[in-house]
1. Report the extension gain between VAL491 and VAL347 in nm, rounded to one decimal, defined as 0.36 nm multiplied by the number of residues separating them, less their alpha carbon distance.
2. Within the set LYS221/LYS426; LYS118/LYS243; LYS314/LYS365; LYS179/LYS221; LYS105/LYS221; LYS118/LYS249, which residue pairs have Cα atoms separated by over 27 Å?
3. Using a 1.4 Å probe, how large is the accessible area of TRP324, given in Å² and rounded to the nearest 10?
4. How much solvent-accessible surface does TYR164 expose, in Å² to the nearest 10, with a 1.4 Å probe and all protein chains in place?
5. Please work out how much accessible surface ARG325 shows to a 1.4 Å probe, ignoring ligands, DNA and RNA, in Å² rounded to 10.
6. Provide ILE464, ILE89 ordered by accessible surface of protein heavy atoms (probe 1.4 Å), highest first.
7. How large is the charge dipole for region 130-228, taken about the Cα centre, if only the Cβ atoms of Lys, Arg (+1) and Asp, Glu (-1) carry charge, to the nearest 20 debye?
8. Please list CYS469, CYS229, CYS96 from largest to smallest accessible area, probe radius 1.4 Å, with all protein chains kept in place.
Amino acid sequence: MLEVLRTSLKRIRAVWRCNRLLKFWRFLRKVVNLSGIFHDPVLILLVSLFVVVASILYLRIGAFLSLLAGALTVSFWAAAIGDEPFNPIRNVNRVCEAMGTTVGKIGVLIVLGTIIGKCMTDSGAADRIVLACRQLVGEKRLPVALASSAFILSIPVFYDATFYLLLPLAKSIYRAFRKNYILYLLSIGLGATISHTIIPPTPGPIAVADAFNIPLATSLKIGLFVGVCLLPVALVLAWLLNKVLPNPKIAPNVLMEMGLDAENEGEAPSDNSLALSTSASNRSLPSLWLSFAPIVLPVILIAGASIVEARLGKIDSNVAMPAWRGFVALLGNANVALAIAAFFAAVPLLWSRKNRTTRSQMEEKLNFALLNAGMIVMITAAGGSYGEMLRVSGIGNRIEELFVTTGELSGVTALTLAFLSTALLKSAQGSSTTAMITSAGIFSAMGFTSEALGFNIAYLAVTIGAGSCVVSWMNDSGFCVFSRSSGVAEVDCLKVWTLGTGLLGVAGFGITLVLSHLFPMI
């Protein structure tokens, strides 16, 4: 009898709590309906951005949970101001469904890109590319070799890995000549930053391209176009900032690592100790064509399929087509092209005569790559869900009302807003990828098209990448990698690295603005 009474009381309490919750929901909707400002999607955007940034900076719950909190905020708020009945389960489910849609689109690409980077690093293919670039430009143009190597490597390999790969070379050059240390460091760092922020298949550019429904071939083409134009600017910035800090104070442990005495650091070397002979190294590294294959193959396959489609039109599933067209379309699919690239990246590890990797070792390498990719995929999925919830809230129509312009001004306004918002997000929370994903979610919800902007929408994606360079300081892992691994004090890094990345981002925005007018529909 007592158990029955207890059960009944529990049910009565549960019903009473549900009724109180429903009453509160109705009261909240009345308050919201009385004040028109709560219906404004711009307010939803600002509050959700505050939730995301505050969660990252103050609650320290990470980018994934912060973006998820922002998506849930928008989802519940959009339901409160709409005509939907109170249904919290539906509000949560649509956030999860949007995450699943994003993972389905780009999850495989991010995983394959991570595997390619890991295999190229461990097999020595990345080192082989560095040696080739160094031999191509010669000893006197070492900064050009370092920047070019970093630019190429950072397309399939993440920024941190690229910097660690090339850092020993910069240290060995400094050990030989005892000057221009900042020049060599910035050549590597800025060159890698360009590819990391604007060229797929790194996670940020892939997520931005997906948010705007830009084909990967188009994103690659315009990203490379802008990146090649921006690379000389990076070299000039490295040279100028080296003049600002010609003799940086290097940490004693890094000097010991380079084999230098801290007391005699400023003295010129008695002999050229730079080991630039490459004959022995070349014999133990993969061949040049095999090293470049994971980078060049996907570009050729995807571009080839795009060219065929542009000449002969899109494939109609209801119409019979030649077998060769289906084969070309299959190889040009982004997932298939990167899978082929991943195979070629693994070849030197599996069939090397001297450094052959066993099956268990290969499994460990793949598991390590998958663990790293998993976090990136989840952050990207949360960012995609956040953008989808903003679209549901009607932010696109509202922004269109606020910035109703036509022709050239509309495109310039969109590029400027995208650059400034991404720069603000990057400066506030530190992660370039998170800033790009968040900004892409916001601007993709506005419904921009190439026709409305007056130029290819991929330029808008590149502008978001350029904004993610500004500003790199102590809350950015890239800043920490640059400072700690190089041995340069944080105060000096603020003078050269923070200023350098900021100017690089501004230059990237300027170049994109010019190219979008000179070659609008490239």
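1. On the way: separation 144, 0.36 × 144 = 51.84 nm, distance 4.37 nm.
Full extension of this stretch gives 47.5 nm more.
2. As for pairs spanning more than 27 Å Cα to Cα, those are LYS118/LYS243; LYS314/LYS365; LYS179/LYS221; LYS118/LYS249.
3. About 130 Å², ignoring ligands and nucleic acids.
4. 120
5. Rounded to the nearest 10, the figure is 30 Å².
6. On the way: ILE464 0, ILE89 115 Å².
Ranked list, largest accessible area first: ILE89, ILE464.
7. Values: 8 positive and 3 negative charges, 116 e Å.
Using Cβ point charges on Lys, Arg, Asp and Glu, region 130-228 gives about 560 debye.
8. Details: CYS469 10, CYS229 50, CYS96 75 Å².
Sorted descending by solvent-accessible area, the residues read CYS96, CYS229, CYS469.
The values are calculated or read from the model by the stated rules, or taken from the named source; none is laboratory data. Just so you know, these numbers come straight off a predicted model, no measurement behind them. Counting neighbours? That spans all protein chains shown, and the Cβs are built from the backbone with ideal geometry, glycine included. Quick note on the areas: whole protein, heavy atoms, side chains included, nothing else; ligands and nucleic acids left out. Shrake-Rupley method; radii C 1.70, N 1.55, O 1.52, S 1.80 Å.
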